[in-house]
Amino acid sequence: MTTGTATLSVPVDSPFGLANLPYGIYSVPGGQPRVATRFGGHVVDLAVLLGDSGENRVFAEPTLNAFMAQGRDRWVEVRQALRAALQREVPAGAVHDVDAVTLHLPFEVADYVDFYASEHHASNLGRLFRPGNPDPLTPNWKHLPIGYHGRAASIAVSGTDIVRPAGQRIEPGDPAPVFGASVRLDIEAEIGFVVGTGSPMGEPVPVDEAEHHIFGLVLFNDWSARDIQAWEYVPLGPNLGKSFASTVSPWVVPLLALEAARVDTPKQQPTPLPYLAMERPWGLDIDLVVEWNGQVVSRPPYAAMYWSPAQMLAHLTVNGAPTRTGDLFASGTVSGPEKDQRGAFIELTWAGTEPITVAGAARTYLEDGDEVVITATAPGPDGTRIGFGEARGRVVGNQIPVR
């Protein structure tokens with residue numbers, strides 16, 4: 001291990017400055033995964049920086065779960081200790097260049113729920129799938145955060161290849177379904193919320209206690225096979241069209257770092273039922289960017305989301321469902337009112353009827369070899385920006401023949 005000390009210099013406009021300090025899991029060649037923070041272009045080992053005894057033993061673990069389970073007071077304490085330590089000389093052995101390490105899935109995912117919290121996204125899909133209906137939203141949409149339970153084991157860290165899924169699908173006019181690889185593979189640009197401390201069965205989480213449970217945020221790509229989804233989702237909802245893969249960013253941005261990013265949600269009418277009611281439902285001013293093969297095709301604004309993170313967690317648990325450290329709930333597709341703010345290609349290309357130009361070619365859904373990268377930033381204190389890293393995935397072919 002490198003000896004001595006180092007003074008770390010980070011540009012004032014870095015999205016990974018003292019205002020951020022996200023948590024992740026890294027390893028060096030021949031080493032074991034450990035907890036780190038990112039400071040500018042540096043990955044800083046927390047066990048070396050802060051010590052690895054007592055409560056700090058969690059920093060030598062291969063996931064964030066043990067640290068997250070210590071609770072909000074501990075999250076506050078560690079954040080303060082990190083900010084102080086990084087403004088002094090640090091042990092040289094704690095510091096690695098971000099390009100010289102491997103970043104891993106930052107936490108062991110316990111359970112996963114995906115919501116449908118964007119009114120713009122839900123309205124667009126309503127117009128696509130229920131044309132002529134005077135209200136594109138379903139009757140329940142403004143009364144509760146709609147969601148479905150997903151598959152935790154298929155959540156993968158940024159950089160993991162995405163194998164094109166296979167399943168049943170049926171084309172309009174066909175008498176019966178066929179089996180094969182999806183031909184309408186899509187993305188959904190989302191924000192994921194990581195539960196740090198769980199709640200017992202039978203004890204719902206009130207909206208005003210959500211911040212004691214939500215540890216931090218990740219970028220989330222809910223890869224979606226629209227043809228498989230369309231055939232299977234009636235009457236029970238998404239299954240194989242969603243469960244094959246979801247991509248998360250490797251850095252978990254603490255909710256504590258996002259105070260300056262808080263905004264009011266859009267006005268909620270009708271007034272939510274008491275368990276969802278908040279005097280000022282809060283959202284977050286997070287600007288997402290979606291790149292398709294290196295070309296920016298969308299800039300979805302999370303500030304436009306109708307349901308707040310606290311309301312989603314309250315609804316998730318109101319029936320008495322327990323939560324655990326490492327649970328993940330995602331926002332659903334982030335879309336804004338403008339065409340270039342739509343967070344899914346089914347919206348962006350209007351179900352394939354309005355192709356967009358990517359690298360000189362007309363495109364609708366994803367082809368083998370395509371790469372999608374989602375990035376995001378949010379306002380921090382004193383004019384700083386908070387970075388989320390990236391959720392990157394490349395589509396690779398499925399050996400099952402396509403009809």
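The values are calculated or read from the model by the stated rules, or taken from the named source; none is laboratory data. In this text the structure is predicted, and so the values were computed from the model without any measurement. For neighbour counting, all protein chains shown are included, and Cβ atoms are generated from backbone atoms with ideal geometry for every residue, glycine included.
A few comments on the model shown:
- Any pair with Cβ under 6 angstrom, 6 or more apart, that starts in region 349-368 at a residue that is surrounded by 14 or more Cβ atoms within 10 Å (Cβ to Cβ) and ends at one that is in a strand (DSSP E or B) and of a type in the set (Gly, Ala, Ser): PRO355/ALA362
- Positions within region 21-69 being within 18 Å of GLU108 (Cβ to Cβ) and assigned to a loop (DSSP other than H, G, I, E, B), in sequence order: PRO22, GLN32, PRO33, GLU61, PRO62, THR63, LEU64, ALA69
- Restricting region 241-298 to residues that are assigned to a loop (DSSP other than H, G, I, E, B) and of a type in the set (D, E, K, R), the residue that is farthest from ILE346 (Cα to Cα) is GLU279.
Table: residues versus (1) out of contact with any Pro (no Cβ under 9 Å at 6 or more places or on another chain); (2) at pLDDT below 95; (3) among the hydroxyl-bearing types (Ser, Thr, Tyr).
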residue	(1), (2), (3)
THR3	no, yes, yes
ASN20	no, no, no
GLY24	no, no, no
VAL28	yes, no, no
ARG34	no, no, no
GLY40	no, no, no
VAL48	no, no, no
GLU55	yes, no, no
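- Residues of region 36-50 satisfying the condition of being farther than 11 Å from ALA94 by Cβ and either surrounded by fewer than 16 Cβ atoms within 10 Å (Cβ to Cβ) or touching a strand residue (DSSP E or B) at 6+ places or on another chain (Cβ under 6 Å) (or both): GLY41
- Once region 225-240 is narrowed to residues that are touching a residue at least 24 places away in the same chain (Cβ under 8 Å) and under 13 Å from HIS149 (Cα atoms), the residue that is nearest to the chain's Cα centre (by Cα) is PRO238.
- Restricting region 130-160 to residues that are in contact with an Asp or Glu (Cβ under 9 Å, 6 or more places away or on another chain) and of a type in the set (A, V, I, L, M, F, W, C) leaves a set whose member that is surrounded by the most Cβ atoms within 10 Å (Cβ to Cβ) is TRP141.
- When VAL163, VAL113 are checked against the criterion of being modelled with pLDDT of 95 or more and buried (at least 19 other Cβ atoms within 10 Å of the Cβ), VAL113 stands alone in meeting it.
- Any hit, region 364-372, residues being out of contact with any helix residue (DSSP H, G or I) (no Cβ under 7 Å at 6 or more places or on another chain), among the aromatic types (Phe, Trp, Tyr) and under 17 Å from TRP223 (Cα atoms): no
- When region 178-196 is filtered for residues that are under 23 Å from the mean Cα position of the chain (by Cα) and more than 26 Å from GLU211 (Cβ to Cβ), the ones remaining, listed by number, are ARG184, LEU185, ASP186, ILE187.
- Verdict on GLU371 being surrounded by fewer than 20 Cβ atoms within 10 Å (Cβ to Cβ) and acidic (Asp, Glu): yes
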